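Participant: To start, I am sharing the structure in question, which I have written as structure tokens.
The values are calculated or read from the model by the stated rules, or taken from the named source; none is laboratory data. What you see is a predicted model, and the numbers here were worked out from it, not measured in a lab. FYI the Cβ positions are ideal-geometry reconstructions off the backbone, even for glycines, and counts take in every protein chain you see.
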């Protein structure tokens, strides 16, 4: 499927919105204004934009601790998101959830989660509900390469395969989890390969993101050859998509009480 210029422009705008939101989040965090902690999604914008662009309004997503981009790509309002980070009652969770727990059931954003990989079984439950309701809704759960080693991911992947759930396991593999090289913690060919024993279809998308221009081309690959196909096929089955990438900026979260001074 070839994307139109209009579609590319919309998704580029989504990626830029995510980038600007998290750049401002870093600024506000360093100023001591963000309530609690916050994890930047800078550099991963193409993944959320490409994946959520293939969804309908009644499809659901479950984010993780680095979930700002997931929410924005699914249609969340950035003013209410920022209010949540500031601990204000006008935030999505009335200021009580903070950065890692933004949710909006009206948009079928089932919540982000500060517990590593805890959103995956939640997504499996939502996918089971969609199937039992007799609908063609699908669910995407976002998790990282660190979360991929949690037992709950494997349990959910097994059940999704057994029950043939309309569920996409989307692993955003930055190759360092929070701070450790994946080669020191993870055996095998990657998370997508682990879906094969569970009889789930698997896609592995190699993405390197260093600039806005590269992000745009990365989105094309994420939407056309990976996540988009997975969304369509998951209605009758299940899928695992792994987006693998690396970048030079540390963006794992606050370091020594603050964020890096600049983002390149």
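Participant: Being farther than 25 Å from residue 114 by Cα and part of a helix (DSSP H, G or I) is the filter; apply it to the stretch 148-196 and report the residue that is modelled with the lowest pLDDT.
Facilitator: By that ranking, first place goes to 193.
Participant: Which members of the stretch 39-51 meet the condition of being over 11 Å from residue 15 (Cβ atoms) and either over 9 Å from the mean Cα position of the chain (by Cα) or in a loop (DSSP other than H, G, I, E, B) (or both)?
Facilitator: 39, 40
Participant: Pick from 71, 112: which is outside any loop (DSSP other than H, G, I, E, B), touching a residue at least 40 places away in the same chain (Cβ under 8 Å) and buried (at least 22 other Cβ atoms within 10 Å of the Cβ)?
Facilitator: 71
Participant: Check off (1) at pLDDT 70 or above; (2) closer than 21 Å to residue 121 by Cα; (3) out of contact with any strand residue (DSSP E or B) (no Cβ under 6 Å at 6 or more places or on another chain) for residue 199 and give me the number that stays unchecked.
Facilitator: Answer for residue 199: the failing condition is (1).
Participant: Which is closer than 21 Å to residue 148 by Cα and touching a helix residue (DSSP H, G or I) at 6+ places or on another chain (Cβ under 9 Å), of 64, 108?
Facilitator: Among 64, 108, only 64 is closer than 21 Å to residue 148 by Cα and touching a helix residue (DSSP H, G or I) at 6+ places or on another chain (Cβ under 9 Å).
Participant: Six or more apart or on different chains, Cβ under 7 Å: which pairs go from a residue in the stretch 15-32 that's farther than 14 Å from residue 43 by Cβ to one that's in a helix (DSSP H, G or I)? Could you list them?
Facilitator: 17/72; 17/78
Participant: Please find, among 46, 51, 38, the residue that is modelled with pLDDT under 95, touching a strand residue (DSSP E or B) at 6+ places or on another chain (Cβ under 7 Å) and within 25 Å of residue 177 (Cα to Cα).
Facilitator: 51
Participant: Of all residues in the stretch 15-58, which are closer than 19 Å to residue 138 by Cβ and touching a helix residue (DSSP H, G or I) at 6+ places or on another chain (Cβ under 8 Å)?
Facilitator: Listed by number, the residues that qualify are 47, 48, 49, 50, 51, 52, 53, 54, 55, 57.
Participant: Specify which of the listed residues (63, 98) is touching a residue at least 24 places away in the same chain (Cβ under 8 Å) and surrounded by fewer than 21 Cβ atoms within 10 Å (Cβ to Cβ).
Facilitator: Every option except 98 fails the conditions.
Participant: Can residue 128 be described as in contact (Cβ under 8 Å) with a residue 12 or more places away in the chain, over 16 Å from residue 172 (Cβ atoms), under 13 Å from the mean Cα position of the chain (by Cα) and surrounded by fewer than 24 Cβ atoms within 10 Å (Cβ to Cβ)?
Facilitator: When the stated conditions are applied, residue 128 does not pass them.
Participant: Check whether at least one residue in the stretch 80-98 is assigned to a helix (DSSP H, G or I) and closer than 15 Å to residue 141 by Cβ, and report yes or no.
Facilitator: no
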